[in-house]
1. State the residue of chain A whose Cβ is nearest the axis carrying A onto B, and the distance in whole angstrom.
2. How would A:ASP100, A:ASP261 rank on accessible area, largest to smallest, probe 1.4 Å?
3. Can I get the semi-axes of region A:61-127's equivalent ellipsoid? Compute them from the C-alpha gyration tensor as square roots of 5 times the eigenvalues, in angstrom, largest first.
4. Taking H placed 1.01 Å from N in the peptide plane, check which residues at least 5 places from A:LEU320 or on another chain put their amide H under 5 Å from its amide H.
5. Can you compute the FRET efficiency between A:ASN23 and B:ASN23 using 1/(1 + (r/R0)^6), with r the Cβ-Cβ distance and R0 = 35 Å? Round to the nearest 0.05.
6. Taking only protein heavy atoms into account and a 1.4 Å probe, give the accessible area per residue of the protein assembly as shown in Å².
7. For a paramagnetic label modelled at 7 Å from the Cα of B:THR178 toward its Cβ, which residues of region B:184-212 fall within the zone defined by backbone nitrogen distances under 16 Å?
8. What are the aspartates and glutamates whose alpha-carbon lies under 19 Å from the alpha-carbon of B:LYS302, with same-chain residues fewer than 8 places away excluded?
Protein chains: 2
Amino acid sequence: MVSIRDVAKAAGVSTATVARVLNGGTPVSPDRTERVLRAVQELDYVSNGVAASLSRGRTGLLGLLVSDIANPFTAQVARGLEDEAVRHGYQVLIASSDFDSEREAQVLASFARRTVDAVALLSSSGVGEGVARLIRNGIPTVFVDRRPPDLGEIPLVRTDSLSAAREAVRYLIDLGHTDLGMISGPAGMPTAAQRLAGFREACATAGLVVRPKCVREGFLGTQGGYTAMCEVLDLPVRPTAVFSFNNVLAIGALEAVRERDVRIPADLSLVTFDDTDLFPFVDPPITAIEQPAYDIGAEAGKLLFARIDGAETAGTDVVLPTRFHVRGSCDRPGR
Amino acid sequence: MVSIRDVAKAAGVSTATVARVLNGGTPVSPDRTERVLRAVQELDYVSNGVAASLSRGRTGLLGLLVSDIANPFTAQVARGLEDEAVRHGYQVLIASSDFDSEREAQVLASFARRTVDAVALLSSSGVGEGVARLIRNGIPTVFVDRRPPDLGEIPLVRTDSLSAAREAVRYLIDLGHTDLGMISGPAGMPTAAQRLAGFREACATAGLVVRPKCVREGFLGTQGGYTAMCEVLDLPVRPTAVFSFNNVLAIGALEAVRERDVRIPADLSLVTFDDTDLFPFVDPPITAIEQPAYDIGAEAGKLLFARIDGAETAGTDVVLPTRFHVRGSCDRPGR
DNA sequence: CTGAAAGCGCTTACAG
DNA sequence: CTGAAAGCGCTTACAG
């Protein structure tokens, strides 16, 4: 590989001069500038980014840990973060844990090795030691969507899950439903707890009793939504409306619904957290809570760069608004 | 930051010994091993990954260039690639060009700086100089899904777009359609050309004439599909069946269809390349060609690692099978 | 099994 | 404006 020394030799200058020409900033005489440029051209020189990172002390990389990049919400967050990164001359290193906490730990360990300048976390498990080390090592970190309870000082960008859930469920109640169910998320996940709390609050406020068996915890993935919905639908008495933790679980739930020939919304009303391009075209169109995923990602990026630039961001909690899309998957109860 | 020298000092050994303990491989006496481990613990030492990359001459990173990670096909490819990467102790650096060729060039330039050990390309434009430089610099590269015409020697992982398209269109013809349209992809994209060719071949074989105005080129993104479908539907005489270049365009097409109260499949039959979780639930369920996106990504990873391990991969062309899902969006023509 | 030392390929005060 | 040189923090022959 041709190195900066080869270029310097060919141009008859020092490596310092080559670096100055290539990186700009410091002035270099036109004469030498041209000689360097020509040598670069002739030798087809490309600088070594790793070496540059080492001496500069920064990599120009933002780390993003996600559970599954194929989740549409996650992908949009990634896009928002990436666009913000590009604006600052950065790139994003996305790692999917696939809900595997060991893989998550490996990714965090790798981030802690300063392979990235800052980290955004949109991960599933409570994480634990991995994040703590990241922070002890002084790597700017931001949580996206949710944050483990014991890390309150780390900034967070999110929506208000609790009130959005409460509002959606109140919508169902206003329609006349009195027997509601929920396909919930994993118990350890803060947003799962919040959405469930919103669900319960709305029911409690309306004086409704929630039957324990109507609340099923679905592990993430469509399969989890399918299983949970099967359990709900196979109850001796079905609830007349179900609230789903997110769009992935909702898709699984739809499979269960179809399999049992349950009609939506005649037999069952359905509302879900997280929207999708195709929800308006589903039979029937799915009523959903939209989160501004792209903006969440962008906001996380802004926080990270503010921190990189020396700003104090501890304790920041950015809350972005949700939108409720009323479509065709809800109706008044049939009984 | 605590460095390997601090650890060496604290443990009373050389930095070489610390490295040996931490990286394994070379044997170290139990006594020193323990001292090192204790020092690491006490100092909360985390090695610097960038420095390690520089001296090892490898970063443990695979670069993946995509147009849009939010495209479900792309996301699945990324997952397949990533899982393969993890199997080899690697991570994936995903960069979205967002269909911007300047951004694409920047990403390729960054990859060429050896910030990654190998590269998988799933990008939109013909690319040009960026890829050429990558290859001149000896960075193992693989194309995914499509490859610019002049880079035939670089390995490629793909499906057979032409015959899959032909088969899907023949299905429409067998249903009795004689006036077909297509929402095509950007003219410069090889897969767009191939799917269009498949469409034309099927029509020609059946002796059908394709009206030029029934073939619209949609720029990528749902908006492009919407516009293209609008043009088709606003023709004085509508075709009775339309074949869509991919799922994203199909979603835009559905918007146009809905807006005009066209009924699928009664007024119009629709088939699209690329499947989606939700297509079975759309009204009506969308008939689609599924590509094994995850496997495509995994296969690309295998090729890259084979090449990293010294194997010769030039000229490789891996073709994976598609699956045709007949659902409810096609019927015999109504007229 | 171990350490001194060179080397990876840049960047950047420092002195001129 | 310019170059010699130190330094970024590891890894790895080399000699013992």
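1. A:ASP283, 2
2. Ranking A:ASP100, A:ASP261 by accessible area, largest first, yields A:ASP261, A:ASP100.
3. So the three semi-axes of region A:61-127 are 19, 15, 7 Å.
4. A:ARG158, A:THR159, A:ASP160
5. According to the calculation, E is roughly 0.60.
6. Heavy-atom accessible area per residue stands at 41 Å².
7. Zone members listed by number: B:203-211.
8. B:GLU82, B:ASP83, B:GLU84, B:ASP117, B:ASP145, B:GLU153, B:GLU312, B:ASP317
The values are calculated or read from the model by the stated rules, or taken from the named source; none is laboratory data. Note that the coordinates shown come from a computational prediction; the quantities given were computed from them, not determined experimentally. Positions of Cβ are generated from backbone atoms using ideal geometry, with glycine treated the same way; all protein chains shown enter the neighbour counts. These area figures cover heavy atoms from the full protein model, side chains too; ligands, DNA and RNA do not enter into them. Shrake-Rupley method; radii C 1.70, N 1.55, O 1.52, S 1.80 Å.
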